[in-house]
Structure formats: structure tokens, C-alpha cells
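The values are calculated or read from the model by the stated rules, or taken from the named source; none is laboratory data. Predicted model, so just to flag it, every value in this text is computed and none were measured. Every residue, glycine as well, gets a Cβ built from its backbone with ideal geometry; the counts of neighbours run over all protein chains shown.
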Amino acid sequence: MNYGLTDFLVLLACSVISSMGLGGGGLLILYLIGIRGISQLTAQGINLFFFIPCSVFSVIIYIKNGLVKPKKLLPMLAGSALGALGGSLIVNRIGADALKTLFAFFLIVSGTALLFSKGKSGNK
């Protein structure tokens, strides 16, 4: 598969969005499936791999800004690694059709929750 400047720019944008915690990984999956024509299973595998440098960069920035307590970092990293490993094992067992259905359900539920949430100012 031939990758070009557009793919690099999309990946860069998704990285920035992911670092801010705004769902860049989901956008990357949608781009890989919808635009690049990659299977969902492969796209989600690429997304898991993509998450590693994004999370390292984000943790470095958050530590510099005093937003992460170093003592809590190791348990969080261990939990993240176990979750990624467990998720990849589950994905390989459930199949592509079930994965598509679960992903669509997740997008619908999270999108609906965002539409109807009041945000920080509405909770006062």
C-alpha cells in the first residue's frame, strides 16, 4: 500500500487530537476504513500501535505541566498495557462482523452521550 503526504497529515492531526484526549484514535480508524479501504480489524490494530507514541508524548507533556503524579504512573502504564493486550486478544477471537457492530454501537452511544451532556458549566 502506498502512503503519501495526505496520510502523514491525517496521522499528524489524529496524533494532536489524541494527545488532547479528543478521540483522535477513533478518527484514525474511520479514516483508515472509509478512505484507505483497510479492514476494520487491521485498522484497529494500527490504532493500537499508533496509541503507543501518542501516549508517551502525552504523558511527558502532562508530567511537565504537573498534571500526572509520578507514583501513580507505573500502575496506570501497567493497566494500559494489560488492557491493550487483552483487547487485542479479544478482537482476534470475536471476528470482524462482531467488531464492526460493537464499534458502531460504541460510536452511537458515545455520540449520543456527548449530545445530551450538560458539560461543566451546566453541573453547577
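Filter region 85-124 down to the residues that are of a type in the set (Gly, Ala, Ser) and over 15 Å from Ile29 (Cβ atoms), then identify the one that is modelled with the lowest pLDDT. Explain how you work it out, then say what you get.
Within region 85-124, the first condition is being of a type in the set (Gly, Ala, Ser), and the residues that meet it are 86-88, 95-96, 98, 104, 110-111, 113, 117, 119, 121-122.
Then drop every residue that is not over 15 Å from Ile29 (Cβ atoms), which leaves 86, 95, 98, 113, 117, 119, 121-122.
On the way: Gly86: 87, Gly95: 78, Ala98: 86, Ala113: 91, Ser117: 83, Gly119: 65, Ser121: 53, Gly122: 48.
Top of the filtered list is Gly122.
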It is to be established whether one or more residues within region 13-30 are modelled with pLDDT of 85 or more, touching a Cys at 6+ places or on another chain (Cβ under 7 Å) and among the hydrophobic types (A, V, I, L, M, F, W, C). yes
When region 33-59 is checked residue by residue, the ones that are closer than 18 Å to Gly95 by Cα and among the aliphatic types (A, V, I, L, M) are Ile33, Ile38, Leu41, Ala43, Ile46, Leu48
